[in-house]
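Notes to accompany the following structure.
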Amino acid sequence: MDQGVGARSRALRWGAAVALGLATASLAVPVQARSDDAQAVPGATTAAGSRQVTQLHDGWRFRFGDAPADVTGAAFDDSGWEQVKLPHSWNRMGNYAPERADGSDVRQGIGWYRLRMDAPVLPKGKRAILQFDGVGAVADLWVNGQHVGAHKGAFSRFRFDVTDQVTSGQANLIVVRADNSKPGPGSSTQHVIPLGGDFFIHGGLYRGVSLIVADEASIDLLDHGGPGIYVSTPQVSEAKADIAVLARLRNSGRKARKLGVTTRIADADGRTVATATMPVRLAAGQASALTTPLSLANPRLWQGRSDPYLYSVTVELRDGKRVIDSVTEPLGVRSFAWDADKGFILNGKPMRLHGASRHQDWQGKGWALSAQDHATDMAIMAEMGVNTIRHAHYQHAQEWSDLADRNGMVVKAELPFVHQSAFDESLPAPDLVDNARQQLLELIRQNYNHPSIMLWSVGNEIDIGAAIMALQKGGKGAPAKSRDMLVELNALAKREDPSRPTLYADCCEGTPSPLARPGAQVLNDVTDVIGLNRYFGWYYGQPDDLTRMLAMVRARYPGRALTVTEYGAGGAFSQHSDNPQGGPVNANGRPHPEEFQAWVHEENWKALNKAGFLSASWIWNMFDFASTSREEGEAYDLNDKGLVSYDRKTRKDAFYFYKAQWSDQPVLHLTGRRYVDRAYPVVDVRAYSNAASASLSVNGRAVGTVACSDRICVWPGVRLQPGDNTVTATAQQGGKTLTDALQWTAPDAANGMHVRAGHLTGITTSTGLRFGSDNFFTGGSASELRMAGRSKVAPSNVTGTSDPELYASYRQGSFGYGLPLPDGRWTVTLHMFEPQADAAKAATRSITVLANGKPVLTGFNPAKAAGGSLKAVTRSFDVPSTGGALKLDFSGGEGGAVVSAISVSPAR
């Protein structure tokens, strides 16, 4: 039943149903809008009117570490410091190797920056403002030896009025102390969010710095780093759009000013389509606000990826006919809703949102990105076909959000309230709550006008830190006390901007994760929209468990729109598996086969795609990113769940899976191209394509044509020739012939094959015998990993062999192997041991093996044969193969059969 519009309605509607909610005492004046095609609107820069902006990119000196007290003074000698250009960060980390690379810089602490600047002449009635677009993480500013102020938070833009500190027309000294000290009790960042998280806070002036010279009466430059004008669309239809433009104004002078405010809307070609002018009186030394209502007839709507049409809104502050200040901001006219049953709705039409999260760091650059870096990231995401982006886990650069506007991406913008709210079991410190409130205000004010942003995320896994600490203490410790802080931040976001819903991203409720703690505070009922970070098939469970979990959460929280804010798996470029279902993955360590990552995404997307009520889903993550808590896959200091490499040069197979699912461009991609040296001569060849079918050839020999069900094309059991092979796929899509090819090297099938049972990756023994990963099996289950801590697999504890790691895994139960071998006679060697340490239980195991239906081993007890448990034992027998296959069947009574490896060689 339709319960109407409201915080708990089935359809939560924003964007066109609520006027400006920014906390203000505004003056609303009704004005008749008019068209004036003769007036053009300047571009989307804020360097307009008499406002002058000077970029301060060059000439900086930098030093990391402590500095003497006179470092802020003009007499201090910085000639020995490093010369740097902005953007700059001293941190660099993350590499594809098992050890931290030379040249990595993971230092946390204080970095000093000094700049000698020739300031422009400040005429009477002008103010000088220093703008910092992002400093990690706490910034202190001195100008000409005077401490101006501090800002706490690594992601927001902030400004200081330095009029009283600069010397007009002369050389001036700017000194900045940037502090990214690791948060902890007593540290300089102990009350600055985030307190923790699976990413690294880079230190430095990693975004731009600029000097703004503006009139004493101006559009407010000191409004939490915001643009000073805020545009909303209270009502939107195809026939008409009502626009409300809030202008915050500030008079820093000593006299009242009588001025005029002209508000103008222009189309994408710069033609004025609505304008209004009204008088305003600004009291001396005061800030005030003015709301101008306008309307557009037959507006062209912002339609996401299909038509991200942008108008612009310019507010000019005039003294008579003279423009003394001007700001231009984007306007995307759209309405949207987050519906518990229909999902996301844009301009009255349901739109399934599918996309990825993005962290802002690059290999070799850290957070110090250029405009081109941002453009490259957006182009890669657009190529894959995403229509929504999650800003993980903080405010991203304005250049990036501008790109999202222009590319039609629906964005979830985030407050960095991540991981924890205290360092122990305490309530959040009042200073920490105040800092979170400050950063939330900055997030909303600075990003209010981006039409792409349609969600404010006010928290992410804020209880997981306490759960991890308790797990490390053997389950002892109280759950996090984060709810009250989340409730307060949610309320603040709703007051600041009723036009957008709020979201919290939850880690654990309803999952088998050990971090899902009994007695944990309920957090999913706080925000308008629920976000679920769920890793079925990776950290826990199986991918098809996701369907049941979504149904459970939906039933528990009726009336709330549901999203999956994280899902995914790690993937290495140099680690591979012959069968991603052959064994368990060490999610927190090594290895991370690329094929396993692709399988997890294939299976999770099946569950997500059929959940018609789901509003959005975001892959974790678009790009590999830095995290000093990670030593995983093939990498160090990297989270390898990205679909694209840290340097953006290489796309993993899973990238092409989603490109085939989401892109409107023709796609055909053969998987496994980095697994060149194959362990087996017979391969299931796979491709991703949005064509209906695809054809395959190997070395010019036609293999066949298969349907690409679910956009996955599979040619099972393709035989490769010994040595080099060229594998080529072709398809027809959109009137085009698509072709993809790769090169594989295969072993000679006449030499047999060797299978490492229960393991995702292969191994080469001390005698040089290569075993592929578990493959060609049916039934049974792989053994669990024996862990030595959170991330490392314990060495094999099996004795009596020169290759104990061959016995580190096994397949158990009742199962079979269909080994694709040429017809002939073979010697089969089974590598076994008794994993059960309990002698009584070990004594009950009785293994029977059939080869091609005939018994070759009966009543075999590994412990008895080896002289005890955890001791290697082998059994060999000669068998024929016919019809191109050798069939082995294993059973073992109550305990089941156990085998660690199967070696098949030509019989002598």
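The values are calculated or read from the model by the stated rules, or taken from the named source; none is laboratory data. Quantities reported herein were computed from a predicted structural model and do not represent experimental measurements. Please note: Cβ atoms are built from the backbone with ideal geometry, for glycine as well, and neighbour counts cover all protein chains shown. Protein only, heavy atoms only, side chains kept; ligands, DNA and RNA dropped before computing areas. Shrake-Rupley method; radii C 1.70, N 1.55, O 1.52, S 1.80 Å.
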Could you grab me the full set of residues in the range 388-408 that are farther than 18 Å from Glu329 by Cβ and either among the aliphatic types (A, V, I, L, M) or in contact with a Leu (Cβ under 6 Å, 6 or more places away or on another chain) (or both)? Thr388, Ile389, Ala392
Within the range 753-802, which residues are of a type in the set (Lys, Arg) and either modelled with pLDDT under 95 or in contact with a Phe, Trp or Tyr (Cβ under 9 Å, 6 or more places away or on another chain) (or both)? Arg756, Arg786, Arg790, Lys792
Among the listed residues Asp325, Asp377, Asp361, which satisfies the condition of being at negative phi, in contact with a Ser or Thr (Cβ under 8 Å, 6 or more places away or on another chain), of a type in the set (Asp, Glu) and open to solvent by less than 10 Å² (accessible area, probe 1.4 Å)? Asp325
Condition first: part of a loop (DSSP other than H, G, I, E, B) and over 24 Å from Thr628 (Cβ atoms). Can you find one or more residues in the range 361-368 that meet it? no
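When you look at Glu631, is it open to solvent by 20 Å² or more (accessible area, probe 1.4 Å), within 28 Å of Lys182 (Cβ to Cβ), touching a residue at least 60 places away in the same chain (Cβ under 8 Å) and over 16 Å from the mean Cα position of the chain (by Cα), yes or no?
Criteria met by Glu631.
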Restricting to the range 153-165, count the residues that are more than 24 Å from the chain's Cα centre (by Cα), of a type outside the set (Ser, Thr, Tyr) and either part of a loop (DSSP other than H, G, I, E, B) or surrounded by fewer than 23 Cβ atoms within 10 Å (Cβ to Cβ) (or both). 6
Take the range 330-358 and flag every residue that is touching a His at 6+ places or on another chain (Cβ under 9 Å) and in a strand (DSSP E or B). Pro330, Ser357, Arg358
Take the residues in the range 246-294 that are part of a strand (DSSP E or B), open to solvent by 40 Å² or more (accessible area, probe 1.4 Å) and of a type in the set (Ser, Thr, Tyr), then tell me which one is nearest to Arg445 (Cα to Cα). Ser288
Any chance the range 78-91 includes a residue that's acidic (Asp, Glu), over 29 Å from Asn251 (Cα atoms) and surrounded by 18 or more Cβ atoms within 10 Å (Cβ to Cβ)? yes
Leading residue by the ranking (nearest to Ala616 (Cα to Cα)) among those in the range 488-506 that are out of contact with any Leu (no Cβ under 7 Å at 6 or more places or on another chain), part of a helix (DSSP H, G or I) and not charged (D, E, K, R): Asn490
What residue, among those in the range 455-509 that are over 20 Å from Asn524 (Cβ atoms) and modelled with pLDDT of 95 or more, is surrounded by the fewest Cβ atoms within 10 Å (Cβ to Cβ)? Arg495
Checking the structure you have, find out if any residue of the range 234-241 is closer than 17 Å to Val323 by Cα and either open to solvent by less than 10 Å² (accessible area, probe 1.4 Å) or part of a loop (DSSP other than H, G, I, E, B) (or both). no
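Table: residues versus (1) β-branched (Val, Ile, Thr); (2) crowded, with 22+ Cβ neighbours inside 10 Å; (3) out of contact with any Pro (no Cβ under 8 Å at 6 or more places or on another chain); (4) at pLDDT below 95.
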site	(1), (2), (3), (4)
Pro543	no, yes, yes, no
Leu550	no, no, yes, no
Thr565	yes, yes, yes, no
Gly571	no, yes, no, no
His576	no, yes, no, no
Glu603	no, no, no, no
I'd like to check something: does the range 172-194 contain any residue that is in a loop (DSSP other than H, G, I, E, B), aliphatic (A, V, I, L, M) and open to solvent by 10 Å² or more (accessible area, probe 1.4 Å)? no
Could you list all residues from the range 401-459 that are among the acidic types (Asp, Glu) and part of a strand (DSSP E or B)? Glu414
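Rundown of residues vs (1) among the aliphatic types (A, V, I, L, M); (2) touching a helix residue (DSSP H, G or I) at 6+ places or on another chain (Cβ under 7 Å); (3) surrounded by 14 or more Cβ atoms within 10 Å (Cβ to Cβ), yes/no style:
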residue: Gly813; (1), (2), (3): no, no, yes
residue: Pro820; (1), (2), (3): no, no, yes
residue: Leu830; (1), (2), (3): yes, no, yes
residue: Pro835; (1), (2), (3): no, no, yes
residue: Ala839; (1), (2), (3): yes, no, no
Selection count where residues are in a helix (DSSP H, G or I) and either β-branched (Val, Ile, Thr) or surrounded by fewer than 22 Cβ atoms within 10 Å (Cβ to Cβ) (or both), scope the range 643-676: 2
So, Pro558, is that one surrounded by 19 or more Cβ atoms within 10 Å (Cβ to Cβ), farther than 21 Å from Glu631 by Cβ and at pLDDT 95 or above or not? no
Residues to consider are Ala69, Ala38, Ala17; find the one that is at pLDDT below 50 and open to solvent by 60 Å² or more (accessible area, probe 1.4 Å). Ala38
Of the residues that make up the range 94-106, is at least one of a type in the set (D, E, K, R) and surrounded by 19 or more Cβ atoms within 10 Å (Cβ to Cβ)? no
Flagged pairs (Cβ under 9 angstrom, 6 or more apart or on separate chains; first in the range 704-719, at positive phi; second open to solvent by 50 Å² or more (accessible area, probe 1.4 Å) and acidic (Asp, Glu)) are Gly717/Asp684
Out of all the residues in the range 695-716, which are under 38 Å from the mean Cα position of the chain (by Cα), among the hydrophobic types (A, V, I, L, M, F, W, C) and closer than 19 Å to Pro820 by Cα? Val698, Val714, Trp715
List, please: which pairs have Cβ atoms under 7 Å, are six or more places apart or on different chains, and start with a residue in the range 66-77 that is touching a residue at least 40 places away in the same chain (Cβ under 8 Å) and end with one that is assigned to a loop (DSSP other than H, G, I, E, B) and open to solvent by less than 30 Å² (accessible area, probe 1.4 Å)? none
